[in-house]
Every structure is written in C-alpha cells, then in structure tokens.
Amino acid sequence: MKILVPVKRVLDYNVKAKVKADGSGVDLANVKMSMNPFDEIALEEAIRLKEKGVAEEIIAVSIGVQQNQETLRTALAMGADRAILIVASTDVNVDIEPLTVSNLLAAIVKKEDPKLILCGKQAIDNDFNATAQMLSAKLDWPQATFASEIDLDKDNCKVTREIDGGLQTIKINLPAVVSVDLRLNEPRYASLPNIMKAKRKPLEEMKPEDLAVDISPRLKILETKEPETRASGIIVENVDELVEKIKKNAGRN
Amino acid sequence: MKILVIAEIHNGTLAEDQTSKTICAASELSTVDVLCASSNCDQAAKQLQSIEKVDTIKVIESELLSENLAESYSADLIELLKEYTHIFVPSSSFGKNLLPRIAGILDMMIVSDVSKIIETDTFERPIYAGNAIQRVQSKDKIKLVSIRTSNFNSAPSGGNAKIEKLSINIQNKISSWLENKVQDNDRPELTSAKVIVSGGRGVGSKENFAVIEKLADKLGAAVGASRAAVDSGFAPNDWQVGQTGKVVAPELYVAVGISGAIQHLAGMKDSKVIVAINKDEEAPIFQVADFGLVEDLFKAVPEIEKKL
Ligand SMILES: Cc1cc2nc3c(=O)[nH]c(=O)nc-3n(C[C@H](O)[C@H](O)[C@H](O)COP(=O)(O)OP(=O)(O)OC[C@H]3O[C@@H](n4cnc5c(N)ncnc54)[C@H](O)[C@@H]3O)c2cc1C
C-alpha cells in the first residue's frame, strides 16, 4: 500500500507569532520554521504502518516555497521514501489556501494512486482545519477526521475520532483520507544517520502549472492585526482573598 | 442574500447552544433558514421554531444522517445548498468535519472560526492560536462560514418559523458509523458553562483530578483540562481546552496547575475573569490572569473549596 502524507512548513509552535506593524501579516522572515506538528504525527503513523509491513511506500508532499525542501528533508529523515515539492510561491509570506492545496494534492493523487492519505488535522498557522476534508471531497473518497486511533485493514479502515462529546468510531472504505489529532502517536526524532541518508532520497520538484491547477486565492486578506490584550491582573496574598474574588465572579450556572 | 444555518443535531438531539449562537451570528446579516438533517428531527425542529429571525426550517430525515458522517451529504443535498448565498455552521467538531467537505464539493473556500462578522462577505478570524486576527473577504459565490460560538450570544426566542419537510435522496456507500463513547455527567457543557475549572499537568494523576472536580462541583462549573493533562490520561479528550481543543469564554475560568502555553491560552483567553493557581510565580498563565495565587494546588484548592 502506498501512503501519501502532505507536510506543511509553518512557524515553529514554540515561537510566538508577531504581527507586522503595517498590518500586512505575521512576520515570517528570519524566524524558526518547522514541520506542522500535526503533519509530523501523520507521518509518524505512516512510518509505523510501514514498519508493520502494512504500507510499502510513503510519499511526503509539501506545497509552498522553495524552502519547504527542508521540511521534506526532515520527512525523509524521519522515514518517508521519497518527496514531492510543489513550488507555488516565491514569497514566504504567502499562505496557500487549503482549497488550492487540495486541488494540487488531488492532481498528485491521480498520478501516484495512493490508497491512504494521512494529513494533519490543521495547520497551526492559518488554523483552517480543512485540507483533508476538501481533498476527500475532491477525490470523492471517504474522510475520517481528528483520528486518535487507526486500525487499517485491506479494503477498509476503522478510525476512532476525537469529537466534542468524546470519541466516535467509524468505518471507511479505502482509498480514504484520514486527518490526525494529537493523541494518535508521539512522532520520533530523526537520527543523525537517517538525516544523512535522507540527503540521497529522491525529491522531485514541480510547479502548479505542471499539474494544470489554478492557484489564485479565493479569500482576500484585508488586514492582519494584534488581538486585544487583557488588562494586567493582580497576585492575591492568600486563599481568603481569592475566595472573595471567586465568589464575586462566579455567577451561578 | 439567502442564508442557511446547518443545525448541529446528534441522533435527533439538538446541540442547542452551538446552533443557537450560530443562528444569532448569521442573523446579523438577515433572516435565516435552518437545515435540520438527522434521523428524527421533530423535537429539534420544534425547538428551533421559536428562535427569532428563523424563516423556514428545512427538514431532511434519514438514518444515514444521524451520526453526521460528512459523506452522507450526497449529491441531492448539495443541490439544495446551492440555493443559498451563505452557509453557516458552528465551529465545533461537527462543523469542522462537515463544512470543508461541502466546500470541496462546491470548489469554494471556507472562512472558518469566524469571531466577528464585518459585512456580507467580510469576516474576522483568529490565526496562529489567536496571536493574530485576520480580516478576510470571500470572493466565492457562496460564503461558507463556521462560527466560533464563544464569541456570540444565543439567539433570542420569539420567532414562529415554518417547518418544511423535504424528501431528498441521501446516500452513503463509503463510510459507516460504529459506536460513540460519550461520557455522561451532570455538569454543564464546557462550551456553554458560565464557570469552568481546569486542571493541568500539575494535578499529577487521574485520582488527583478529583480535587479539580470537587471545586468545579462546588461552583456548579464545567471541568476543563490542558493537553498535557489529557495526554497523561488525567482527563478525557473532550475536556481539552485550547487551539486544538475547545474554545471557551465563560464568566469565570479557573486554571489550576496549568502553565499557560499559547496553545492553551488560545482556548480560554476571551474568558471574562481568569483566575490562576500555580506554584510557579513565573508561569505565563499569570500574565493573562486577573487574579493569581502562587501556591501549591493541593494546599490551596481544597481550602478554597471549603471556604466557598
Ligand atoms: C500543535 C499543538 C497543539 C496544542 N494544542 C493544545 C491545546 O489545545 N490545549 C492545551 O492545553 N495545550 C495544547 N498544546 C500543548 C501546549 O503547548 C502545552 O504543552 C500544554 O498546554 C501544557 O499543559 P500544562 O500547562 O498542563 O502543563 P505544563 O506546561 O507542564 O505546566 C504544568 C504547570 O503546573 C504547575 N504545577 C505543578 N505542580 C503544581 C502544584 N502542586 N501546585 C500548583 N501548580 C503546580 C507548574 O508550575 C506548571 O506551570 C498543543 C501543543 C501543540 C504542539
């Protein structure tokens, strides 16, 4: 079985996003960028499926700028077999919309014919939470979002999903798209030998034109601003003081 | 302009808070139709009927819709959606699962997690775990919007909507529901509670979480948790508050043994009053807290509970 894993290059989750003073966006020049944490989890799951002998090949795909190569090298070092980079912009500040990403991925799927696509449930930069669902719609495949457990069979897949009320288990036919949540697994770090080996693994580069996909955005970003800040509070001296504050503010439910 | 709100219904039971707030948000633009798509909709449709600014309730009943598998939004149902200029859903796990699939079929973008409606085509939404607010204008023919319900009020009652039953062919041959594991408790829902007490890694174990729950019960509060607390098995997944958990904005949020990582703050910093209890005075949670207590939680929390 071939598994496709899309990976996004995002501002590292430990770095606090800074809004540019002119309102044009978040400052992404000279800051630490990493693989979207949810995509790491998706990739880890694919690697484990390969280690179990269920999957034969893992293809990592990244869409964005030339620098996404680094993200793909990380993916290869973790255990992907080969990588595809679609250079859709020359500007690191341009975020490719999930609709476009899903159109590009759908075109890759037509070529590569994977049986399973494992995606992160959301990118921690734009927080859209949309690519997996849009892609499955484009392919007319079933989707299982927010997976915390995946039980893969030959023709179908049982997925436990994290939903608002608790957990839901569904069964989907293959081929399918699964978007993963935080508790599915803990991704590994790439070892030094694997980082070296990754340099020799194939990384193919493409442009949206090669796939005949229109990448013009549907949303116009008018402004990016700072959120309102909270007025600073106080440190109380003792429990009694805090009890007073709690009593005052805890209107009954 | 023609607006449709998709009601969140689980096996015939209306998620009232989420749906009502979504209707309230959408009705800032105009009156709305509401789609009730589930297995048995009588009760839900009746509840929705009295909401102000609801014009028509469109009812579609099918067993295949009862557990909200997105694949059951099959061709004929999508045709119905095309009659509208706006489609709104709550930004809950229900809406997050469904709306982008509809968008993919329609080949349109979504505007998710909307915190403010500016104009018919312009919306504000938080990005980067709420560290920035983006104002976007949608150029798509149908605006597909999910609403961050913690930023909106419930819709007032006083309406008298029509109920229209549609017979639409629903199909789903590619996915099926197996089971739900939902824990019942008597506490209020996290997303609509007026008071929330949340515990983090500092609580230390599942058994110790009783300390948090006792305080919550004293306050009639819902219980929340940080990701670390959920990952460590102290609390179930549906208690997680944050960027990737639930977004809440109660009157009072009490964070206990939570450090205050940006991903956690993303889910609770719109709370009216924030109280933090942490033994580390440097913990970032104190930067957003209105009232902080630097103290060991095992000493402070039982004492607070007693004195309330
Ligand atoms: C992609 C991604 C998404 C994430 N999404 C979320 C999310 O939705 N929600 C979320 O919460 N996190 C999320 N996180 C995780 C987040 O980054 C933090 O790791 C997490 O919030 C930490 O939880 P915590 O504060 O309970 O634990 P810690 O950071 O370990 O803090 C524990 C705190 O408890 C205090 N403490 C310990 N013992 C005591 C005691 N006896 N008395 C008083 N205080 C004590 C300590 O001083 C410390 O401040 C996400 C992370 C990533 C990468």
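The values are calculated or read from the model by the stated rules, or taken from the named source; none is laboratory data. Fair warning: this is a prediction, and the values are worked out from it, not measured in the lab. Note: ideal-geometry Cβ built from the backbone for every residue, glycine included; neighbour counts use all protein chains shown. Areas reflect the complete protein model, heavy atoms only, side chains present, ligands, DNA and RNA absent. Shrake-Rupley method; radii C 1.70, N 1.55, O 1.52, S 1.80 Å.
Assorted remarks:
- Taken per residue, the accessible surface of region A:2-249 reaches 44 Å², heavy atoms only and a 1.4 Å probe.
- Summarising the label geometry, the points placed 7 Å from Cα in the beta-carbon direction at residue B:210 and residue B:307 lie 2.4 nm from one another.
- Those residues of region A:51-94 whose amide nitrogen sits under 18 Å from the label point placed on residue A:154, 7 Å along Cα→Cβ: A:53-56
- Screening chain B for whole DSSP H helices of 18 Å or more along their axis (Cα) with average Kyte-Doolittle hydropathy at least -1.0 returns B:93-106.
- Cα-based helix-to-principal-axis angle, A:68-78 vs chain A, degrees rounded to 10: 80
- Within chain B, B:24 have no other Cys Cβ under 4.7 Å of their Cβ and so lack a disulfide-compatible partner by this rule.
- Folded to 0 to 90 degrees: helix A:37-51 orientation relative to chain A principal axis, Cα: 40
- Convex hull per residue volume in Å³, alpha carbons only, for chain A: 190
- Region A:1-67: GluC sites (Glu not before Pro) falling in loop per DSSP and having at most 16 other Cβ within 10 Å: A:56
- The label point for residue A:51 and the one for residue A:228, both projected 7 Å from the Cα toward the Cβ, are 4.8 nm apart.
- Legend: residue pairs A:110/A:154; A:2/B:139; A:18/A:245; A:8/B:21; A:220/B:96; B:46/B:96, Cα-Cα distance threshold 27 Å; pairs beyond threshold, A:2/B:139; A:18/A:245; A:8/B:21.
- Take the accessible area of chain B alone and of chain A alone, subtract that of the pair, and you get about 7300 Å² summed over both chains, using a 1.4 Å probe.
- Sequence of B:187, A:48 from largest to smallest accessible area, 1.4 Å probe: A:48, B:187
- Label point at residue A:210 placed 7 Å out along Cα→Cβ; residues across region A:94-109 whose backbone nitrogen lies under 12 Å: A:108
- Residue B:139-residue A:67 pseudo-label distance in nm [points 7 Å out on the Cα-to-Cβ vector]: 2.6
- Per the Cα gyration tensor, the protein assembly as shown maps to an equivalent ellipsoid with semi-axes of 35, 31, 23 Å, ordered largest to smallest.
- Sites matching GluC sites (Glu not before Pro) across region B:28-103 that sit in DSSP coil, with at most 16 neighbouring C-beta atoms within 10 Å: B:28, B:52, B:83
- Rh by Kirkwood over Cα pairs, then Stokes-Einstein D for region A:23-63 at 1.306 mPa s and 10 °C, µm²/s: 125
- Where only C-alpha atoms are counted, convex hull volume of region A:156-212 per residue in Å³: 175
- Flagged links, alpha-carbon separation over 31 Å, of A:201/A:225; A:171/B:218; B:116/B:306; A:248/B:246; A:121/B:279: A:201/A:225; A:171/B:218; B:116/B:306; A:121/B:279
- Estimated vicinal HN-Hα couplings, Hz - region B:135-151 in sequence order (Karplus 6.51, -1.76, 1.60; Gly, Pro = x): 9, 10, 10, 8, 9, 6, 5, 10, 8, 9, 10, 10, 9, 6, 5, 5, 8
- For region B:238-282, with all protein chains in place and a probe radius of 1.4 Å, 43% of the accessible heavy-atom surface sits on carbon or sulfur.
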